[in-house]
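The values are calculated or read from the model by the stated rules, or taken from the named source; none is laboratory data. No experiment lies behind these values; they were computed from the predicted model shown. Please note: Cβ atoms are built from the backbone with ideal geometry, for glycine as well, and neighbour counts cover all protein chains shown. The accessibility values were calculated without ligands, DNA or RNA, using every heavy atom of the protein model including side chains. Shrake-Rupley method; radii C 1.70, N 1.55, O 1.52, S 1.80 Å.
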Amino acid sequence: MDALLAKVIERHGGLDRWNTASTLTTRLTYGGPFWAFKGRPDFDSTELVEADLHRERIRHVQEGTGQITEYDSDTDRVTVTAADGSLIDELTNPRASFAGHTQESQWTLAQAAYFRGYATWHYLVEPFLFTWPGVEAHEVEPWKEDGESWRVLRVTFPESVHTHTDTQLYYFDDSGLLRRMDYQPVVNGSSPVAHYVSGATEVDGLVVPTRRRIHIRQEDRTPDLSWTPITLDLADVRIR
């Protein structure tokens, strides 16, 4: 295991504790203008989220409406159902439905559920996901920002793991906490993103960030902080 990855895993609670956990639940509020821009203002919402920590599977239940969205990579299927269980929308092999999409393309309900599902699942299982078979993580040159020097992991995922981009960058402070992520989601025209992470809290022995702010990334890797397309705020995090 890469030396930086080993430090990061230990700082976030260690593999032994992670391996005894099975599920993370949280009350998660999504915000920002991105959802309306993609034609899904209904995704600017608060959801009760349940994520499987050892399989790419996640479930959202929207507060107020009770609408349920579920994504499971084993079946490669995303579903959206009403509170009464009736099917509203679904997609099998959802990634293929984004072929030819640009940053301006509008999304169907199931497409937005897929994007939010795999993305949120990643955010909740990283950095432990980096130890999965087929995932490659190696330290690269450090990055200086706001007077700090952050160590950087370059992580490449296998095709079996649905993610924004095959290869992504993860930035860690001196203590080993995640501070930033860089990627460019292929389902959104590969727009470059700088994703900032804060509010780390310990829950049952594991460290979970509770605040995320996502910005456009410029050509020199600096973020455009003048606006925030997507926000995520976690509360009531529980691990079992």
Legend entry - Selection count, the stretch 106-147, where residues are small (Gly, Ala, Ser) and open to solvent by 50 Å² or more (accessible area, probe 1.4 Å): 2
Inset, instruction - Say whether the condition of being touching a helix residue (DSSP H, G or I) at 6+ places or on another chain (Cβ under 6 Å), in contact (Cβ under 8 Å) with a residue 40 or more places away in the chain and under 28 Å from VAL208 (Cα atoms) is met by at least one residue in the stretch 87-106. - result: no
Inset, instruction - Could you pull out every one of the strands (runs of 3 or more DSSP E) wholly within the stretch 141-214 that has 2 or more residues that are of a type in the set (Phe, Trp, Tyr) and at negative phi? - result: 167-172
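Yes/no matrix, rows are residues, columns are (1) within 30 Å of VAL203 (Cα to Cα); (2) in a loop (DSSP other than H, G, I, E, B):
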| residue | (1), (2) |
| --- | --- |
| GLU70 | yes, no |
| ASP74 | yes, yes |
| VAL78 | yes, no |
| GLU90 | no, no |
| ARG95 | no, no |
| GLY100 | no, yes |
| GLN103 | no, yes |
| TRP121 | yes, no |
| LEU129 | yes, no |
Inset, instruction - Search the stretch 109-125 for residues that are more than 19 Å from THR81 (Cα to Cα) and pair each with any residue that is part of a helix (DSSP H, G or I) when their beta-carbon atoms are under 7 Å apart and the residues are at least 6 apart or on different chains. - result: HIS122/LEU129
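This table checks each residue for (1) open to solvent by 20 Å² or more (accessible area, probe 1.4 Å); (2) over 22 Å from SER175 (Cβ atoms).
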{"residue": "ALA3", "(1), (2)": "yes, no"}
{"residue": "ALA6", "(1), (2)": "yes, no"}
{"residue": "TYR30", "(1), (2)": "no, yes"}
{"residue": "SER45", "(1), (2)": "no, yes"}
{"residue": "LEU53", "(1), (2)": "no, yes"}
{"residue": "ARG57", "(1), (2)": "yes, yes"}
Legend entry - Filter pass, PRO127 being farther than 30 Å from THR25 by Cβ and either aromatic (Phe, Trp, Tyr) or touching a strand residue (DSSP E or B) at 6+ places or on another chain (Cβ under 7 Å) (or both): no
